[in-house]
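A short worksheet on the structure shown next.
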There are 2 protein chains.
Amino acid sequence: MTPALEQLQKALKQLPGVGYRSAERIALHLLVEKPERLPQLVTALEAAARSVRRCTVCGNLAEEEHCAICADEKRRIGQVCVVENVQDLAALERSGAYRGRYHVLHGKLSPIRGVAPEDLNLATLIARVESGELTELILALSNDVEGEATCHYLTDRLPKAGLKITRIGFGLPSGGGVLYADAVTLKSALEGRRNY
Amino acid sequence: MTPALEQLQKALKQLPGVGYRSAERIALHLLVEKPERLPQLVTALEAAARSVRRCTVCGNLAEEEHCAICADEKRRIGQVCVVENVQDLAALERSGAYRGRYHVLHGKLSPIRGVAPEDLNLATLIARVESGELTELILALSNDVEGEATCHYLTDRLPKAGLKITRIGFGLPSGGGVLYADAVTLKSALEGRRNY
């Protein structure tokens, strides 16, 4: 292994889900097997770093001032779904179950990991709510202590007049049986029971 | 998802072991979570592409004319281990079990995938053997039809005078029991039995 190869492996190993062996495999793939893909990857990385930024309205990734969702006039303006990060937004979009807009917090409150309210994309959310344009805020934060704390903080801080605040449902995942659900999921499922 | 992000995901998805979800995760990691790592990765990729080339003696990766192993005078000159690719060389090096030199073929003969002798790094191997410097050639090619065919081709082509040609042992892997070994491994193990 040459020094430049070791440096490349080290840089690759820092990526999420890439371990020592995958880093070696990817590095050799780009240097030996398919060297034509290396400049393609560099170009894609540089183009993305240059052109991708945050939507000034919702915090989603954008190449213009507004992201594709905020710029889409067909999406319901008054309904805003609050998510922790862009991956969560992408998962909701893939589900096709939501036609409103989003607000990406880029994290959740966590005293242990040192994430305070000012580290989150909260100021623009409060400004959106205060503008009076919103009718419903759906809190799609994760079903854990930190997600719950973030929801509490939000509902405390936001002016409530005329705004419906909801929390996405918790319970058994699709295809999941009671037998295989963990205790916390079952607790959520019982608490979230509905008339049938 | 913005167009530049989609291009980046597409480029990442072509890497070995990176699927749709990992590509998304890596792209967002580099753009949102740890944007400082993106230029580091680009620099490492460009440096590797610029400085890494093939050793003119053995075909291993090198930054000089000769790779670190060919340049190391403490490695036995006369013993050469023939491997399919740089990953195999790296695995043997990690084992610490070998102190000779290498020859990397960069593939194995495969009529089905259209790999002919001229596609492999064979000419320099024949030149090394013809130089008369070698005493033993260890064929560490894989235990399959293509590896076997490549070994046959090599032994046919190489001048045999004074050269010991060996094939690495086949059989049960370390920690492997007979019960869990597949039929081909058991066949190899029986054929490779030794006096005890």
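Here are a few things to note about the model shown:
- Restricting attention to segment A:46-65, the residues being open to solvent by less than 80 Å² (accessible area, probe 1.4 Å) and more than 8 Å from chain B (Cβ to nearest Cβ) number 6.
- Candidate set from segment A:1-22 (those that are over 21 Å from B:E63 (Cα atoms) and in a helix (DSSP H, G or I)); member that is nearest to the other protein chains (Cβ to nearest Cβ): A:S22
- Residue in segment B:24-45 that is over 25 Å from A:L15 (Cβ atoms), within 10 Å of chain A (Cβ to nearest Cβ) and among the polar types (S, T, N, Q) present: no
- Summed over segment A:142-154, residues that are at pLDDT below 90 and either outside any helix (DSSP H, G or I) or among the β-branched types (V, I, T) (or both) total 4.
- For the condition loosely packed, with under 13 Cβ neighbours inside 10 Å and in a loop (DSSP other than H, G, I, E, B), A:I112 qualifies.
- Tabulated pairs, segment A:164-185, first more than 25 Å from A:Q79 (Cα to Cα), second among the small types (G, A, S) and surrounded by fewer than 16 Cβ atoms within 10 Å (Cβ to Cβ), C-beta under 7 angstrom, 6+ apart or interchain: none
- Subset of segment A:106-128 that is of a type in the set (K, R) and within 19 Å of A:N60 (Cα to Cα) - its residue that is nearest to the chain's Cα centre (by Cα): A:K108
- Annotation: B:H106 fulfils all but one of (1) closer than 29 Å to B:T185 by Cβ; (2) part of a loop (DSSP other than H, G, I, E, B); (3) open to solvent by 40 Å² or more (accessible area, probe 1.4 Å); the unmet one is (3).
- Where A:P35 falls short, out of the listed (1) over 22 Å from B:E84 (Cα atoms); (2) of a type outside the set (S, T, N, Q); (3) not in a helix (DSSP H, G or I): (1)
- Identity of the residue in segment B:155-196, part of a helix (DSSP H, G or I) and in the same structural domain as B:L137 (by TED's automatic domain parsing), that ends up nearest to B:P117 (Cα to Cα): B:R157
- When B:L154 is tested against (1) under 18 Å from the mean Cα position of the chain (by Cα); (2) under 23 Å from B:C55 (Cα atoms); (3) open to solvent by 70 Å² or more (accessible area, probe 1.4 Å); (4) of a type outside the set (S, T, N, Q), only condition (3) is not met.
- Tally, over segment B:24-56, of residues that are without any contact (Cβ under 8 Å) to a residue 12 or more places away in the chain, among the hydrophobic types (A, V, I, L, M, F, W, C) and more than 24 Å from A:E63 (Cα to Cα): 6
- Among the residues of segment B:117-146, those that are open to solvent by 30 Å² or more (accessible area, probe 1.4 Å) and among the aliphatic types (A, V, I, L, M) comprise B:A123, B:A127, B:V145.
- Among residues of segment A:77-92 that are within 25 Å of A:S131 (Cα to Cα) and more than 11 Å from chain B (Cβ to nearest Cβ), those with a Cβ under 6 angstrom from a residue that is assigned to a loop (DSSP other than H, G, I, E, B) and of a type in the set (D, E, K, R), sequence gap 6+ or separate chain, pair up as A:E84/A:K108.
Matching residues to (1) in the same structural domain as A:I138 (by TED's automatic domain parsing); (2) open to solvent by 30 Å² or more (accessible area, probe 1.4 Å); (3) touching a residue at least 60 places away in the same chain (Cβ under 8 Å):
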position: A:S22; (1), (2), (3): no, yes, no
position: A:A71; (1), (2), (3): no, yes, no
position: A:A97; (1), (2), (3): yes, yes, no
position: A:G100; (1), (2), (3): yes, no, no
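- Checking A:S142, A:S188, A:S131, A:S174 one by one, the residue that is of a type outside the set (A, V, I, L, M) and within 17 Å of the chain's Cα centre (by Cα) is A:S142 and no other.
The values are calculated or read from the model by the stated rules, or taken from the named source; none is laboratory data. Note that this is a predicted model, so its numbers are computed, not measured. Here Cβ is always computed from backbone atoms with ideal geometry, including for glycine, and neighbour counts include all displayed protein chains. For accessibility, only protein heavy atoms count, side chains too; no ligands or nucleic acids. Shrake-Rupley method; radii C 1.70, N 1.55, O 1.52, S 1.80 Å.
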